[in-house]
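The values are calculated or read from the model by the stated rules, or taken from the named source; none is laboratory data. The structure presented is a predicted model; accordingly, all values stated were derived computationally and were not measured. Please note: Cβ atoms are built from the backbone with ideal geometry, for glycine as well, and neighbour counts cover all protein chains shown. All accessible areas refer to the heavy atoms of the entire protein, side chains included, with ligands and DNA or RNA removed. Shrake-Rupley method; radii C 1.70, N 1.55, O 1.52, S 1.80 Å.
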Amino acid sequence: MVEGNTLPPDARAVCALRARSECAPHAAQAVAPADSPSSAALPGTVNREGGSPAPGVCFCVSQEMRCVLKKRNVVLGGLFLLGGFFVTSLFNLLISALGPSPEAAPLEFSWEGNRPISLESWVEQGQFLPLNVSYQLLAGTPASQQRYLTIGMSSVKRKKGSYLIPTLESVFSQSSPQELSSLQVVVLLADFDLSWIMDTVKRIKEGFSSELDQGQLLIIHVPQVWYPPVTGLKRNYNDASDRVTFRSKQNLDYSFLTLYSAGLGRYYLQLEDDVSSAKNFFTSIKTRIEEQEAKKSTWATLEFSSLGYIGKLYKSAHLPLLSRFLFLFYQEMPCDWLMTHFRELMTQREQILFKPSLFQHMGTFSSFKGTYNKLKDKNFEESLYTNPSAKVYSDMSTYQKHFPQLAWDSGEGFFWGRSPEKGNYLTVVFTEPVVVTEILVETGSGKKDLLESAQVELGQDVLTKEEESCKSFYSLGPFKNGKFEMYNIDAKYSSVSSCLRIQVTAPQKDWVVIHKIRVKTKTKNT
């Protein structure tokens, strides 16, 4: 007899009872009576001397082994659950210790991390890719109601020059009180120099306290901990590594800015922090939006400047999409290139660019390394369109529907005429006589179709014929490089004028484009 698989007393007793009840009919001789001296050893004893054991013995031993395995599995399962709970708790503690903390930077400001207005867009109802970021409200009072237009701009510390304050001054000074009640400006201070942030906020509070109090201006910041890596990125287009870092960081700035601005207004206008605005730009933008919406055609971006990421207008419902798009592809290319791809992905194939431009780049030094930047928008007009009522005539052959009147009226139209001859003219006849103070005439498309030889004249005494003109004219001066520009005309010619004429002084083979005639006037008594 060889003893093996000795069980603990409690388990052995249970299995012995099972053996008695289940094995007795087949092998009663294999199990000793309960009061037998060897009964404690029987349930775990296998007869290995006399050949094969009786069938009842094997069955009983199988029952004992099953009990052993069951109890062991229960113990191991409990240990596994305890171990899993311990590992999960340890992992969560590590994440909490290493992960970004939304705590405010130690600045003397009142931080508010939540967007002030709840959104109704479907993407804000949890059915979209989450973008994890926390904002700090540095200054301003959020508006209680949605405005018509939100203007967003991002600003960083520059090595040379600072244009943020003049940019804000231009936005607010070029808007009427009624226009200001329908717009809100959001400025993201996107530098991580805390002393610069504090100084900038102080200057803004001193210069724009009223706008801050009335909900027309908000200043926000996103701590660096929420930014993904901006160094060591791939060098697309063979850009220098510092250039890649700069443009990638800028994309992230715009991503966070547009996400915050979503829902603050019905429409969103992107500006840079170094631009000047045209007079009453808000009204011009609203008019263009209404015209575009009346066409009932798909659009994603309306452009009010041909430069960079200046004057680009979006529907606020699209901002969560734009924000995530900029974030996903932040290291691939500059923001203005991404903007074009976004427009096309939103099924707007053609650019919708309005002229004259409403915003002009004023910065002399770039925010990247402080390099010199002379970029200007040639289609910018700072002042509101002021041409007086008039009719326009010309004896030059007109191409298609580019009539002479289009050069005088506001908008994108222009006059396009075939090769002019000496003596050809374009005459503007004022509805009422006026004192002319300024004249600007611009010709050409790019460097082509310039009016090479011509002079500008003012006329008096209207002659009423099939085509109106004036009885007499006097010359103000010639064109130079396809352009005529003159100011303070009334200082020399103070009498009223009834006509303005452009007189061709030499023939040319090239056609001519006159895309802008702008005049400022005053009444005789002013």
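Just a few scattered comments:
- Residue tally, condition at pLDDT 95 or above and either of a type in the set (Gly, Ala, Ser) or touching an Asp or Glu at 6+ places or on another chain (Cβ under 8 Å) (or both), over region 211-221: 1
- The residues in region 448-480 that are more than 18 Å from residue 499 (Cα to Cα) and touching a Gly at 6+ places or on another chain (Cβ under 9 Å) can be counted, and the count is 4.
- Inspection of region 425-441 identifies no residue that is within 23 Å of residue 354 (Cα to Cα), among the acidic types (Asp, Glu) and within 47 Å of the chain's Cα centre (by Cα).
- The condition of being more than 18 Å from residue 254 (Cα to Cα) and either at pLDDT 55 or above or open to solvent by less than 40 Å² (accessible area, probe 1.4 Å) (or both) holds for only one of 130, 142, 106, 116, that being 142.
- Close Cβ contacts (under 7 Å, 6 or more residues apart or on different chains) running from residues in region 302-319 that are touching a residue at least 60 places away in the same chain (Cβ under 8 Å) to residues that are of a type in the set (Lys, Arg) and open to solvent by 10 Å² or more (accessible area, probe 1.4 Å) comprise 316/266.
- Of the residues making up region 191-238, those that are of a type in the set (A, V, I, L, M), open to solvent by 30 Å² or more (accessible area, probe 1.4 Å) and in a helix (DSSP H, G or I) are 194, 198, 225.
- Among residues that are under 18 Å from residue 485 (Cα atoms), outside any strand (DSSP E or B) and either modelled with pLDDT of 95 or more or open to solvent by 20 Å² or more (accessible area, probe 1.4 Å) (or both), residue 450 is included.
- Contact annotation: residue pairs with Cβ atoms under 9 Å, 6 or more positions apart or on different chains, pairing a residue in region 341-364 that is more than 30 Å from residue 518 (Cα to Cα) and part of a helix (DSSP H, G or I) with a partner that is open to solvent by 40 Å² or more (accessible area, probe 1.4 Å) and of a type in the set (A, V, I, L, M), are 342/321; 345/321.
- For residue 141: the one exception among (1) of a type in the set (Val, Ile, Thr); (2) more than 25 Å from residue 287 (Cα to Cα); (3) not in a loop (DSSP other than H, G, I, E, B): (3)
- Residue within region 429-440 that is in contact (Cβ under 8 Å) with a residue 60 or more places away in the chain, loosely packed, with under 14 Cβ neighbours inside 10 Å and over 18 Å from residue 489 (Cα atoms) present: no
- Filter result (modelled with pLDDT of 85 or more, open to solvent by 30 Å² or more (accessible area, probe 1.4 Å) and aliphatic (A, V, I, L, M)) within region 334-367: 345, 346, 352, 353
- Of the residues screened, residue 188 is not one that is surrounded by 15 or more Cβ atoms within 10 Å (Cβ to Cβ), in a helix (DSSP H, G or I) and at pLDDT 95 or above.
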